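Participant: This is the structure I want to talk about, given as structure tokens.
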């Protein structure tokens, strides 16, 4: 087991690496900010199915080469979410795991989550927070809160669960276990916090559900 694999197994995520140069990523920051600011759109489901910028992003060579190295070359996108927290947005994302919902469950050895920073995401802007090592608990019960957000519940360990904030800069990507509990806070800065959450999985990863029934499933093309 090399150091990278050991770190992933121990804490559940890998340190940020670059998916694009800062200049290229900031161009996308400005584009998405101008497109979605009129209606202050906060969440877009599976933009990689409809939007060219997202289609290109989920196929970024620097990213998918790492994904293929972790879960195999015959992988695909299970789902993606564009998440925007506008300046002063008090919205918080509750703690949850990416690898399951009411209609699917992914084998964590055949899937991996990613977070691509399309803007800087310091702690004050609502950077991702991870409960380090929580992936070793396995999948936990989930339900929907009063806002309709998926959240983990029903496990005593959640009461004392501690989270570590992992700030990222524009153009960086985090890769993490689909069982790793994570959340994010509000944006108290004067700039939008923009990111793309992408879950990758093999066709054989579905313990419940299937690739055929997933709206966002799309095979990746290795360079």
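Participant: Hey, got the Cα dimensions of the range 18-107 along the principal axes, in Å, largest first?
Facilitator: Sorted from largest, the Cα extents of the range 18-107 read 39, 34, 23 Å.
Participant: OK, next. Could you list 215, 172, 74 so that the one with the fewest beta carbons within 10 Å of its beta carbon is first and the one with the most is last?
Facilitator: Ordered by Cβ neighbours within 10 Å, fewest first: 215, 74, 172.
Participant: A further question follows. Please report, in whole Å³, the volume per residue of the convex hull around the C-alpha atoms of the range 83-223.
Facilitator: In the range 83-223, the Cα convex hull volume per residue is 121 Å³.
Participant: Moving to a separate point now. What number, rounded to the nearest 500 deg cm²/dmol, is the helix-based mean residue ellipticity at 222 nm of the chain, given -39500 (n - 2.57) per DSSP H run of at least four residues and division by all its residues?
Facilitator: -6000 deg cm²/dmol
A short reminder: the numbers here are calculations on the coordinates, not readings from a lab. None of these values were measured; they are calculated from a predicted model. Don't worry about glycine lacking a Cβ; one is built from the backbone with ideal geometry, like all the others, and counts go over all protein chains shown.
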